[in-house]
Amino acid sequence: MEKTKILYFITRMDQGGAQASVLTTIKTINKQQFETYLATGPGGRLDGRFKNDTQHVFFITALRHDIRAKYFFHDLVALFQMGRILRRVKPDIVHTNAPKAGVLGRIAARIFWRKAKVVHTFHGLGFAKEHGEKQFKFFVAVEKFCAKFTDVLVFVSRRNAAEAKQLGIGKGVRTELIRAGVNFNPILPLKFDPVAKKASLKIPANAKVVLALANFKPLKNPIHFVLAAYKVLSQMKNVYFIFTGDGPLKETAVNLAKNLSIEKQVIFPGWRNDALELLAICDVYASVSLREGLPMSLLEAMSMRVPAVCYDVDGIGEVITNNKTGFLVAPNDINTFADKLKVLLRHASLRERFEAAIDHRDFSEFTASTMVKKQERLYRSLVPPTKKNGGKRRFFRRRRHFKKFNPGEK
């Protein structure tokens with residue numbers, strides 16, 4: 001059978017949920033039916049994984065990560081570079097991810113390769129009113145425009161789908177709910193030593209640990225993490241806080257911790273490749289993000305049976321059951337957030353109860369295998385398998401009728 005060619009566009013291969021989802025799909029998709037290609041901007045932390053694969057991986061050298069007016073010329077060049085990649089690969093399906101690659105990739109497909117079906121995944125809505133009202137309205141208008149030549153819009157959370165519908169994004173376009181997924185049977189290294197891991201971070205063996213696997217971009221809200229840590233440490237001394245990653249607000253967060261005299265107990269270790277080991281030594285997972293589609297780091301915390309305290313934004317409330325597997329707190333309510341951390345840190349029996357609830361919850365819709373199977377089903381619905389010499393696909397096709405995904409359905 002002739003394989004269906006899928007070209008993935010993503011802005012940059014950094015550590016993040018969108019990147020992890022794309023990599024998992026490329027790695028585990030049915031190779032007998034699908035042939036995958038990846039096109040990404042340079043400078044990602046994961047670029048080294050692809051340096052030897054020049055047949056299926058392409059670097060869009062002009063593509064910049066930030067969305068700024070000064071990069072307009074670079075974006076224009078990137079658009080034509082995407083066009084060259086499209087004409088070389090000749091994909092049956094173009095699947096875009098991340099805001100910038102999502103916009104440029106769909107425009108490029110519209111201009112340079114109209115034969116492809118176009119799918120875009122919102123790994124969270126990449127715009128927020130925190131950016132400013134004018135910028136918010138601009139991004140919404142751009143997404144409405146790009147949706148006009150998108151065959152399927154994929155959402156990872158019902159909240160994101162409902163918000164997009166309310167904003168008028170994708171009106172009349174087919175939508176699907178495909179959760180981001182992780183392995184819910186994680187395996188730690190055989191020689192893993194939690195005491196040694198704590199010691200490597202200068203954390204005493206008997207100390208409690210609060211962990212956030214994130215980055216220092218504004219919407220990840222690292223300043224609130226430091227402020228919450230300060231409120232907890234004002235009453236509890238043997239607690240350490242870890243906030244991983246890097247980004248524009250790291251220096252601000254580090255300086256704030258110093259000014260509050262808590263720098264020895266608030267640790268910023270940078271990017272890490274040992275997320276499961278960090279989760280294994282932590283007592284509570286914390287998320288103060290102001291926007292999250294469906295955070296894979298939170299799913300990883302659930303896979304390790306770690307109770308969580310989170311701002312209740314986007315898809316987080318679809319993972320955490322309040323007062324059962326963790327605590328949900330209204331965004332920006334630092335006092336309540338810190339109070340919930342203290343409750344969990346002080347009461348081992350409550351943590352054990354939450355851990356048991358996590359253990360008994362059905363997370364099957366959040367597994368990596370479910371995510372990939374749903375994507376395969378989506379791809380087959382767009383481009384039905386054909387025999388290599390079995391004739392060309394019909395120019396005119398009978399219109400397929402799909403049950404439209406309703407964000408409000410359970």
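Below is a table of values for the structure above.
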| read-out | value |
| --- | --- |
| Test: His347 is out of contact with any Cys (no Cβ under 9 Å at 6 or more places or on another chain) and either of a type in the set (Phe, Trp, Tyr) or closer than 19 Å to Lys231 by Cβ (or both) | yes |
| Any chance Phe366 is modelled with pLDDT under 95 and either among the aromatic types (Phe, Trp, Tyr) or assigned by TED's automatic domain parsing to the domain that holds Gly293 (or both) | no |
| Matching residues, the stretch 125-166, being within 24 Å of Ala108 (Cβ to Cβ) and aliphatic (A, V, I, L, M) | Leu125, Val140, Ala141, Val142, Ala147, Val152, Leu153, Val154, Val156, Ala164 |
| Lone unmet requirement of (1) buried (at least 23 other Cβ atoms within 10 Å of the Cβ); (2) farther than 18 Å from Leu219 by Cβ for Ala147 | (1) |
| Residue among Lys231, Lys171, Lys202 that alone is among the charged types (D, E, K, R), assigned to a helix (DSSP H, G or I) and either in contact (Cβ under 8 Å) with a residue 24 or more places away in the chain or touching a Phe, Trp or Tyr at 6+ places or on another chain (Cβ under 7 Å) (or both) | Lys231 |
| In the stretch 66-97, the residues that are hydrophobic (A, V, I, L, M, F, W, C) and either touching a Gly at 6+ places or on another chain (Cβ under 6 Å) or modelled with pLDDT of 90 or more (or both) | Phe73, Leu76, Val77, Ala78, Leu79, Phe80, Met82, Ile85, Leu86, Val89, Ile93, Val94 |
| Count - residues of the stretch 99-148 that are under 21 Å from Asp75 (Cα atoms), outside any helix (DSSP H, G or I) and modelled with pLDDT of 95 or more | 8 |
| Residue satisfying condition, being in contact (Cβ under 8 Å) with a residue 40 or more places away in the chain, polar (S, T, N, Q) and either touching a Phe, Trp or Tyr at 6+ places or on another chain (Cβ under 6 Å) or surrounded by fewer than 20 Cβ atoms within 10 Å (Cβ to Cβ) (or both), within set Asn30, Asn97 | Asn30 |
| Residue in the stretch 34-65 that is modelled with the lowest pLDDT, counting only those that are part of a helix (DSSP H, G or I) and not acidic (Asp, Glu) | Phe50 |
| Among the candidates Gln55, Gln15, Gln19, residue that is more than 15 Å from Asn97 (Cβ to Cβ), assigned by TED's automatic domain parsing to the domain that holds Val154 and among the polar types (S, T, N, Q) | Gln55 |
| Pairs with Cβ under 9 Å, 6+ apart, first in the stretch 185-197 and in contact (Cβ under 8 Å) with a residue 24 or more places away in the chain and closer than 16 Å to Arg305 by Cα, second β-branched (Val, Ile, Thr) and surrounded by 13 or more Cβ atoms within 10 Å (Cβ to Cβ) | Pro194/Ile281 |
| Residue in the stretch 166-205 that is surrounded by the most Cβ atoms within 10 Å (Cβ to Cβ), counting only those that are among the basic types (Lys, Arg) and modelled with pLDDT of 95 or more | Arg179 |
| Test: residue in the stretch 206-224 that is buried (at least 20 other Cβ atoms within 10 Å of the Cβ), of a type in the set (A, V, I, L, M), in contact with a strand residue (DSSP E or B) (Cβ under 6 Å, 6 or more places away or on another chain) and in a helix (DSSP H, G or I) | no |
| Count of residues meeting criterion [crowded, with 20+ Cβ neighbours inside 10 Å, out of contact with any helix residue (DSSP H, G or I) (no Cβ under 6 Å at 6 or more places or on another chain) and not β-branched (Val, Ile, Thr)] in the stretch 235-264 | 2 |
| Flag for Phe138 being without any contact (Cβ under 8 Å) to a residue 24 or more places away in the chain, surrounded by 13 or more Cβ atoms within 10 Å (Cβ to Cβ) and more than 30 Å from Leu279 (Cβ to Cβ) | yes |
| Filtered residues of the stretch 60-76 (kept if surrounded by fewer than 16 Cβ atoms within 10 Å (Cβ to Cβ) and among the hydrophobic types (A, V, I, L, M, F, W, C)) | Ala69, Phe72, Phe73, Leu76 |
| Where a residue in the stretch 110-123 is of a type in the set (Val, Ile, Thr) and its partner, wherever it lies, is in a loop (DSSP other than H, G, I, E, B), with Cβ under 8 Å and at least six apart | Val118/Phe149; Val118/Thr150; Val118/Asp151; Val119/Thr150; Val119/Asp151; Thr121/Val156; Thr121/Ile178 |
| Every pair of residues 6+ apart whose Cβ atoms lie under 6 Å, when the first sits in the stretch 1-15 and is touching a residue at least 24 places away in the same chain (Cβ under 8 Å) while the second is basic (Lys, Arg) | Met1/Lys387; Glu2/Lys388; Thr11/Lys100; Asp14/Arg45; Gln15/Arg45 |
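The values are calculated or read from the model by the stated rules, or taken from the named source; none is laboratory data. All figures in this text were calculated on a predicted structure; none of them were measured in a lab. Quick reminder, even Gly has a Cβ in these numbers, built from the backbone with ideal geometry, and neighbours come from all protein chains shown.
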